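Here is the structure we will look at, set down as structure tokens.
Quick note: the coordinates plus some simple rules give every number you see, no bench work behind them. This one's a predicted model, so the numbers in the text were calculated from it and none came from an experiment. We place every Cβ from the backbone using ideal geometry, glycine too, and count neighbours over all the protein chains shown.
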Amino acid sequence: MSERQAAVAELRHHALSIYANALRQVEGRKCTAEALRADNLMASTYVVAIGKAAAAMTLGARDVLGDMLVAALVITKSGASGSGVAR
């Protein structure tokens with residue numbers, strides 16, 4: 001491997017690492033849970049989530065709200081990730 005190829009491989013590795021970290025920072029479940037914890041909600045709550053991250057965001061809400069989550073309406077495209085959200 002030439003010096004140039006090694007430098008390119010190292011840059012690629014760093015770019016992929018930065019990208020993976022950025023994706024972890026905007027994960028819908030985590031971000032929604034953090035936002036709701038900051039609000040200190042103490043009442044029965046209904047959730048409406050729309051979009052590709054709707055299922056993940058709903059799971060984040062459920063993580064924080066627990067029994068205070070009365071019901072949720074999740075609208076997302078077929079096949080969107082969201083293991084754990086009942087249909």
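Compute the long axis of helix 54-65 from its Cα atoms, compare it with the longest principal axis of the Cα atoms of the chain, and write down the angle in degrees, 0 to 90, nearest 10.
For 54-65 against the chain, the angle is about 60 degrees.
So, by mean Cβ neighbours within 10 angstrom, what's the order for 65-72, 40-47, 17-24 with the highest one leading?
Taking the mean over residues of other Cβ atoms within 10 Å, the ranking is 65-72, 40-47, 17-24.
P(r) tail for the range 1-71, what percent of Cα pairs lie past 16 Å?
59 percent
Could you give me the ³J(HN,Hα) list for the range 70-79, computed from phi with Karplus coefficients 6.51, -1.76, 1.60 and θ = phi - 60°, whole Hz, x at Gly and Pro?
7, 7, 9, 10, 10, 10, 8, 6, 4, x
Taking square-rooted eigenvalues a ≥ b ≥ c of the alpha carbon gyration tensor, is the range 1-42 rounded, prolate or oblate, where a/c under 1.5 means rounded and, failing that, a/b exceeding b/c means prolate?
Note, shape of the range 1-42 comes out prolate.
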